[in-house]
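Let me begin by presenting the structure, written as structure tokens, before commenting on it.
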Amino acid sequence: MARILAIANQKGGVGKTTTALTLGAALAGRGRRVLVMDLDPHGCASAHMGIFEEPRSGSTVDLFRADSPETVPWEAMILRTGQAAFDLVPSHLRLADLDIDLKDRRGKGVLLKTALEQGPPYDHVILDCPPQTGVVLVNALVAADLCIIPIQTDFLALHGVHLLFDTMRALNRVLPHPIPYRGLATMFDRRAKACARVLALLREKFGQRLFRTVIGLDTKFREASASGRVISDMAPDSRGAREYAALAEEVLAL
């Protein structure tokens, strides 16, 4: 059984996609078989990896539209991204329509969980979640063995965490076990006192549920995205690559 990691925050621009891809590459670099699934209809993870057009073969939307877990077209959906050492299931614009398309579907909140239970053999499946509440985000949280919440070290970013916790609390009322989660401080500017104050607040509020690793600002992230690569592939000795390597070690130790 793969370990499912949902990367979620109900605010955009906090490093969610960067975390999904770079953590995936870091885990793959440690010998793990990794699948990244782009569940955001905006397709940021797909675009980052150079997939700008809707894929002809398959996408994450096909999983939700399959008649049963046995008929999910995994082979058509999975792209082999050899340079980043992980596999990818790209996004599709029609993910945004699933709240309507699945309105009357029985068990619509566990479609992803049941499909992954019968899916290909991976050590880790990383879910790059959409920022908006809906059936796709619910599926990701229900399926997750761990929800990783990237939190930009900015006071305005804390609102997205509040919204995500509201969603998780609602799900926890009906789930047999609470959704495990860890916070991840991102976009930390060591020169800014405001960032230091937010980081201190996160450590106070999250306690042991905040990763020790802090992801700082690094221009190499933008350069990697522009070249369709991850930072560990393009600049393995950069600060950002080293920080995500440390995060991977923390994840493996949990």
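Every read-out reported here was derived from the displayed coordinates using simple, explicitly stated rules and does not represent laboratory data. Treat the numbers as computed from the prediction; the structure is a model and nothing was measured. Here Cβ is always computed from backbone atoms with ideal geometry, including for glycine, and neighbour counts include all displayed protein chains.
Values as computed for the structure displayed
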{"quantity": "Selection from region 1-30 of residues that are part of a strand (DSSP E or B) and either touching a Lys or Arg at 6+ places or on another chain (Cβ under 9 Å) or surrounded by fewer than 19 Cβ atoms within 10 Å (Cβ to Cβ) (or both)", "calculated": "3, 4, 7"}
{"quantity": "Which numbered condition residue 169 misses (of (1) surrounded by fewer than 20 Cβ atoms within 10 Å (Cβ to Cβ); (2) within 15 Å of the chain's Cα centre (by Cα); (3) assigned to a helix (DSSP H, G or I))", "calculated": "(2)"}
{"quantity": "Which listed residue, of 59, 91, is in contact with a Gly (Cβ under 8 Å, 6 or more places away or on another chain), over 25 Å from residue 246 (Cα atoms) and among the hydroxyl-bearing types (Ser, Thr, Tyr)", "calculated": "91"}
{"quantity": "Residue within region 158-165 that is more than 18 Å from the chain's Cα centre (by Cα), in a loop (DSSP other than H, G, I, E, B) and closer than 23 Å to residue 130 by Cβ present", "calculated": "no"}
